[in-house]
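Chemist: Would you mind keeping the following structure in view while I ask a few things?
The values are calculated or read from the model by the stated rules, or taken from the named source; none is laboratory data. Only a predicted model underlies this, so the values are computations on that prediction, with no experimental measurement involved. Neighbour counts are summed over all protein chains in view; Cβ atoms, including those assigned to glycine, are modelled from backbone coordinates with ideal geometry. Surface accessibility is based on the protein's heavy atoms, side chains included, excluding ligands, DNA and RNA. Shrake-Rupley method; radii C 1.70, N 1.55, O 1.52, S 1.80 Å.
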Protein chains: 2
Amino acid sequence: MKKAILLIIDGLGDLPTPKTPLQAAKKPNFDKLAKGGASGLLAPVGRYIVPGSDVAHLSILGYDPHKYYNGRGPLEALGLGIELKDGDVAFRANFATIERDEITDRRAGRIDTQTASKLASELSTKLSNGVEAIFKNSNEHRGVLVLRGSGLSEQVSATDPHGDMKLHPCQPLSEAAVKTAKAVDEFTQYAHRTLEMAPENSEREKPANVVLVRGAGKYWKVPSFLERFGLHGACVAGGALYKGVARYIGMDVVDVPGATGDKKTNLNAKGKAVLSALIDHDFVFLHVKGCDSAGHDGDFDTKKKMLERVDKELLPWLIKSGAYIIITGDHSTPCSRKAHSGHEVPILVYGDSERIDSVKKFDEISAASGGLGHLEGKDIVPLILNLIEKSDKYGS
Amino acid sequence: MKKAILLIIDGLGDLPTPKTPLQAAKKPNFDKLAKGGASGLLAPVGRYIVPGSDVAHLSILGYDPHKYYNGRGPLEALGLGIELKDGDVAFRANFATIERDEITDRRAGRIDTQTASKLASELSTKLSNGVEAIFKNSNEHRGVLVLRGSGLSEQVSATDPHGDMKLHPCQPLSEAAVKTAKAVDEFTQYAHRTLEMAPENSEREKPANVVLVRGAGKYWKVPSFLERFGLHGACVAGGALYKGVARYIGMDVVDVPGATGDKKTNLNAKGKAVLSALIDHDFVFLHVKGCDSAGHDGDFDTKKKMLERVDKELLPWLIKSGAYIIITGDHSTPCSRKAHSGHEVPILVYGDSERIDSVKKFDEISAASGGLGHLEGKDIVPLILNLIEKSDKYGS
């Protein structure tokens, strides 16, 4: 039976300075796939729209973000393995350091994950008005806060400081959000008191003595990827957000030891995990994060090296699988901009009997003259269904 | 800070006979920009849709004409500097010659602008039912009529003859438009009486003794370009319609002496005006009309020469500015058709660090293989925002 792997390289696209990292990288496997397949350019959400990774992934996986995106918090919470219930409001959270009423470090001295886990274990609690607060940390200072209870709203402001380095009270942005804003502030006070007393903080120069939240979103269960497209999908990813997107749409998430969601991730382990997942799934969504982080840091060399690692350590597994291979990115993160941009990302499709175009290399410039032309995120699931002959015919 | 210039060459696109005017023109600067930038084809409203200049400009400037276009009259009125109020109904108007009940010249012998101004000064008046008529002439026989009052409607027929050369009474096209149609007819009678007595008409072989109206549209203030896109925009144009589009969306309109909106326009003056406007604006919309008029006249040579003038007299200013440059047209006006057509227009984007494609010339055929592919009007504002790093990220 035909199967497909969709490799999304986060922040893949770039701008020439005078070459792009893809153009500069030594990448025989990428180029072999481009030469033996068809290339094009992808605008994940729409031409020149600058997407966040959350929105771009939803769009590429067939979930129109205008309909299915409701903030990053729930996706992060799902990514950390929290079982959300309809109506939960979830936030991205940071451990931070506050002295008197000044935030002196938004990352609490980049606290290590182990210490943060100990601190986090004390923070889930019952608040007033029947609201439950569920807190879970991820890596370093990062974590999520979930509020559970009746009548909660995502229409609240962030407590994360913007410019002035003060701890902001949570503001309701609509009448319906007053209860939620109060719950956030109550949690903030509770967390502050609890963290101030925690032994783990007693010797820290930058105590993790406050939790800041942002990215509020309300969770509702959506129709699954399987229900909508008839595909048994699995996700192989390191970063919580990407696992969260996969869980949100009901995909199985494979736990891969060593998949860290950064440039040190174990790509061989991810490659092996893809092969295992293909045994009982039609489709694997495979995510690699390191290129995006390098783009944000403006670090051309690290982005190039990450691409070379993907070429050498990950692509051989995909080629070996015999599955159709689709490689693209969720957006461009040009090193020269240190931020996401609205430039298209290259995409290639490789597999048995597909139409091979004249493109010989996988990069932003070569792909522009490829046989796939210009695609949008919404085209990708139909592309995959068509490749593996799982499309429903429209009409008769 | 990054800035951008959008040059819209009216009626730019053409068909090959056997070359297009762009292919035939000597245009080193256009080609230099194409060679150092990226090219593509633009369907201003949608593939193969034949747009009017009003609709095409709105679409390219991010104002979906299905939502924001309500007839040409208000745009022309705004272009002539009339301050419209919500609910005003505006018409394009012509001075014409009527003998008994036959229109013998729709342009009143192409009356000169100065004489027309004198005649126009007598035509604004109070009509019955509390309706105010505001008349203003533009160049030669052209002008606008604005009706102001409660409960007016744009659902009225033109009085301009169609085929039979009779002066048509204004017909209400819906129940709600009876008052407006009566007001138009009352104005027509008033104007006829007034013009018959005007000394300027006494010696004219073709007296300007009647005003014909068409293109009714109701004005409502719309959210500004700045509000919607965060860009401080300025318009450099000769023709009233283009200034009107700019005023409609709240852009600053630069007054350029010598910018006439025809083939004799002072392109150097326009180029200088662009540079001045860039000092305190993020974005300049620059319009050149002459190519469209030549296309309507079926005058290949004049269209080619106008393109050569733009190349020689205008583009050096744009290149000198250091801003990002986008060059395109609002529609094709093939000389062989003497009318607008639905063929795409070439577009090029030039500026620092953009992805350069293999296109070396700026013309309809070369642009078809460019890296931008096929764009629509709605893509242009996102393209500009992305170029100058002013996009809002969608998602996080």
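Chemist: Would you point out the residue of segment A:160-178, among those that are of a type in the set (D, E, K, R) and under 17 Å from residue A:212 (Cβ atoms), that is surrounded by the most Cβ atoms within 10 Å (Cβ to Cβ)?
Modeler: Across segment A:160-178, the extreme among qualifying residues is A:160.
Here is a yes/no grid of residues against (1) out of contact with any Cys (no Cβ under 7 Å at 6 or more places or on another chain); (2) part of a helix (DSSP H, G or I):
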{"site": "B:176", "(1), (2)": "yes, yes"}
{"site": "B:185", "(1), (2)": "no, yes"}
{"site": "B:188", "(1), (2)": "yes, yes"}
{"site": "B:192", "(1), (2)": "yes, yes"}
{"site": "B:200", "(1), (2)": "yes, yes"}
{"site": "B:203", "(1), (2)": "yes, no"}
{"site": "B:208", "(1), (2)": "yes, no"}
{"site": "B:212", "(1), (2)": "yes, no"}
{"site": "B:216", "(1), (2)": "yes, no"}
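Chemist: I'd like to know if segment B:203-214 contains one or more residues that are without any contact (Cβ under 8 Å) to a residue 60 or more places away in the chain and surrounded by fewer than 16 Cβ atoms within 10 Å (Cβ to Cβ).
Modeler: The answer is yes; a qualifying residue exists.
Chemist: Kindly provide the set of residues from segment A:338-352 that are within 7 Å of chain B (Cβ to nearest Cβ) and either open to solvent by 30 Å² or more (accessible area, probe 1.4 Å) or among the small types (Gly, Ala, Ser) (or both), ordered by number.
Modeler: Result: A:341, A:342.
Chemist: Of these, A:328, A:333, A:265, which one is within 14 Å of chain B (Cβ to nearest Cβ), crowded, with 22+ Cβ neighbours inside 10 Å and either closer than 23 Å to residue A:36 by Cβ or under 19 Å from the mean Cα position of the chain (by Cα) (or both)?
Modeler: Only one candidate passes the filter, namely A:333.
Chemist: Next question, about the same structure. Just to verify a result, which residue in segment A:132-159, among those that are of a type in the set (A, V, I, L, M) and in a loop (DSSP other than H, G, I, E, B), is least open to solvent (accessible area, probe 1.4 Å)?
Modeler: Looking at residues that are of a type in the set (A, V, I, L, M) and in a loop (DSSP other than H, G, I, E, B), I get A:152.
Chemist: Residue A:295 - would you say it is part of a helix (DSSP H, G or I), among the small types (Gly, Ala, Ser), open to solvent by less than 60 Å² (accessible area, probe 1.4 Å) and over 24 Å from residue A:2 (Cα atoms)?
Modeler: Yes.
Chemist: If a residue has to be in contact with an Asp or Glu (Cβ under 9 Å, 6 or more places away or on another chain) and surrounded by fewer than 23 Cβ atoms within 10 Å (Cβ to Cβ) to count, how many in segment B:1-23 make the cut?
Modeler: 7
Chemist: Cβ-Cβ below 7 Å, separation at least six or inter-chain, first residue in segment B:253-268 and farther than 18 Å from residue B:318 by Cα, second in a loop (DSSP other than H, G, I, E, B) and among the aromatic types (Phe, Trp, Tyr): which pairs?
Modeler: none
Chemist: Please tell me if residue B:312 is closer than 29 Å to residue B:49 by Cβ, in a helix (DSSP H, G or I) and at pLDDT 95 or above.
Modeler: no
Chemist: Every residue in segment A:51-61 that is facing chain B (nearest Cβ under 8 Å) and either open to solvent by 10 Å² or more (accessible area, probe 1.4 Å) or among the small types (Gly, Ala, Ser) (or both), please.
Modeler: Result: A:52, A:53, A:56.
Chemist: So, one more: Got at least one residue in segment A:358-365 being open to solvent by less than 10 Å² (accessible area, probe 1.4 Å), away from chain B (no Cβ under 14 Å), among the aliphatic types (A, V, I, L, M) and in contact with a helix residue (DSSP H, G or I) (Cβ under 7 Å, 6 or more places away or on another chain)?
Modeler: Among the residues of segment A:358-365, not one is open to solvent by less than 10 Å² (accessible area, probe 1.4 Å), away from chain B (no Cβ under 14 Å), among the aliphatic types (A, V, I, L, M) and in contact with a helix residue (DSSP H, G or I) (Cβ under 7 Å, 6 or more places away or on another chain), which makes the answer no.
Chemist: Among the candidates B:192, B:232, which residue alone is surrounded by fewer than 20 Cβ atoms within 10 Å (Cβ to Cβ) and within 25 Å of residue B:141 (Cα to Cα)?
Modeler: Sole residue among the options that is surrounded by fewer than 20 Cβ atoms within 10 Å (Cβ to Cβ) and within 25 Å of residue B:141 (Cα to Cα): B:192.
Chemist: Give me the residue from segment B:374-396 that is farther than 15 Å from residue B:228 by Cα, surrounded by 20 or more Cβ atoms within 10 Å (Cβ to Cβ) and more than 7 Å from chain A (Cβ to nearest Cβ) and, out of that set, nearest to the chain's Cα centre (by Cα).
Modeler: Selected residue: B:377.
Chemist: Against the condition within 19 Å of residue A:63 (Cα to Cα) and not aromatic (Phe, Trp, Tyr), how does residue A:357 come out, does it pass?
Modeler: no
Chemist: Would you check if there is a residue in segment A:292-315 being hydrophobic (A, V, I, L, M, F, W, C) and within 14 Å of chain B (Cβ to nearest Cβ)?
Modeler: Yes, segment A:292-315 has at least one match.
Chemist: Only residues that are in a loop (DSSP other than H, G, I, E, B) and within 13 Å of chain B (Cβ to nearest Cβ): list them for segment A:12-32, please.
Modeler: Within segment A:12-32, A:14, A:15, A:16, A:17, A:18, A:19, A:20 qualify.
Chemist: Then there's this: Return the residues of segment B:238-282 that are part of a loop (DSSP other than H, G, I, E, B) and of a type in the set (S, T, N, Q); say none if nothing qualifies.
Modeler: If the condition is that a residue be part of a loop (DSSP other than H, G, I, E, B) and of a type in the set (S, T, N, Q), then B:260, B:265, B:266 are the ones that fit.
Chemist: I need the helices (runs of 4 or more DSSP H) fully contained in segment A:65-121, keeping only those with at least 3 residues that are in contact with a Lys or Arg (Cβ under 9 Å, 6 or more places away or on another chain) and crowded, with 18+ Cβ neighbours inside 10 Å.
Modeler: Here the list reads A:73-79, A:113-120.
Chemist: In this structure, does residue A:223 turn out to be over 25 Å from residue A:89 (Cα atoms), out of contact with any Asp or Glu (no Cβ under 7 Å at 6 or more places or on another chain) and more than 14 Å from chain B (Cβ to nearest Cβ)?
Modeler: Judged against the criteria, residue A:223 is not a match.
Chemist: I've got another one for you. Could you tell me whether residue A:45 is within 11 Å of chain B (Cβ to nearest Cβ) and either at pLDDT below 95 or open to solvent by less than 20 Å² (accessible area, probe 1.4 Å) (or both)?
Modeler: no
Chemist: Of all residues in segment A:298-309, how many are in contact with a Pro (Cβ under 8 Å, 6 or more places away or on another chain) and surrounded by 24 or more Cβ atoms within 10 Å (Cβ to Cβ)?
Modeler: 2
Chemist: Something else about it: What's the number of the condition residue B:223 fails, among (1) in contact (Cβ under 8 Å) with a residue 60 or more places away in the chain; (2) closer than 21 Å to residue B:58 by Cα; (3) more than 16 Å from the chain's Cα centre (by Cα)?
Modeler: So residue B:223 meets the others, but not (1).
Chemist: Scan segment A:241-260 residue by residue and report those that are open to solvent by 20 Å² or more (accessible area, probe 1.4 Å) and of a type outside the set (Phe, Trp, Tyr).
Modeler: Answer for segment A:241-260, where residues must be open to solvent by 20 Å² or more (accessible area, probe 1.4 Å) and of a type outside the set (Phe, Trp, Tyr): A:243, A:247, A:250, A:252, A:253, A:254, A:255, A:257, A:258, A:260.
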